[in-house]
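Right, one structure below, let's go through it.
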């Protein structure tokens, strides 16, 4: 650069150099050579007098992820756009929501098919069980009708027997009859009445006892008939109750109720999925600057895929890796010289040392004294750092103290 300036300044006098004496031209050439040599020595000494490492410009970042499997439908910001909390960044369409909804619909269809099969099997069993019960009910009704007919006959017979007993009892009491007639012993203007007893046949008393026995026999037969009717009515009521409970019992035995409950649960889940928003807008949470988008519109991203990073321009730092044997030359709070792209030189300060070194890949992947690398963070010091893209290479110089 100095040579270019010198040549530019001496361009108007180039024509006069040829007119100078030879001794003067030699002196001028020697002076230029000495100047260039001095510049080279200064540059060389500056390089020899410092250790140089390559670092990368970074900042506090916020990684934006989808949090679920989704498709990017629209980007709402561009790289280098300043943002604040709440700024919409991009719109996602939940890809898993459609998949989940389709799976739920398939599951619901399968449950409905299973329900139809269970109901078909249950209906066959219900019909068979009902037919058997209805046959038993018919037989019980026939027996009940027969028993009721006998009970009716016994009731009539008992009624007739009671009447016969009453008649026989009346006849038995009238077996001795007092008969009055007029006596002729006395000469009276009228004939006095005389009362005498007349014995009736003994067969009348025997008829009364027989009627009593027949009445008791008829009463026993009536009680037996009533018991038969009562038992038959109880059996008939039990069969009718069993007939009413057949559908519920069969459906439960074939799992129809369980399948219906599962269908209701699947329908409720499907309704909830339909109520969820099909799109999702991602918002910024902090102030910062939009970085380069790593995913574009139409791409499907996994829950942990980084879509874009937001950089905090107010908190820049430089990450540099050095060998662990050089840690003594980079203590905490030590100042270093930074050379940014374009040749701008600024100052930085070593942050706190990390608690762990990294192992470099090797044949045995073992961490030794000469293979360990450690990452240092350089923070701003002095003048503001120039605005360069994050991720740019920065030359980190550590001056070698004079011995």
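The values are calculated or read from the model by the stated rules, or taken from the named source; none is laboratory data. Note that the structure is predicted; figures quoted are calculated from it, not measured. Backbone-built Cβ (ideal geometry, glycine too); neighbour counts: all protein chains shown.
If you scan segment 375-403, which residues turn out to be modelled with pLDDT under 90, more than 14 Å from residue 334 (Cβ to Cβ) and assigned to a strand (DSSP E or B)?
375
Table: residues versus (1) in contact (Cβ under 8 Å) with a residue 12 or more places away in the chain; (2) surrounded by fewer than 18 Cβ atoms within 10 Å (Cβ to Cβ); (3) part of a strand (DSSP E or B).
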site	(1), (2), (3)
307	yes, no, yes
313	yes, yes, yes
319	yes, yes, yes
332	yes, yes, no
338	yes, no, yes
343	no, yes, no
347	yes, yes, yes
353	yes, yes, no
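Of the residues 117, 104, which single one is touching a helix residue (DSSP H, G or I) at 6+ places or on another chain (Cβ under 7 Å) and either under 24 Å from residue 300 (Cβ atoms) or surrounded by fewer than 14 Cβ atoms within 10 Å (Cβ to Cβ) (or both)? Spell out how you get there, then give the answer.
Values: 117 fails: touching a helix residue (DSSP H, G or I) at 6+ places or on another chain (Cβ under 7 Å).
Of 117, 104, the one residue that is touching a helix residue (DSSP H, G or I) at 6+ places or on another chain (Cβ under 7 Å) and either under 24 Å from residue 300 (Cβ atoms) or surrounded by fewer than 14 Cβ atoms within 10 Å (Cβ to Cβ) (or both) is 104.
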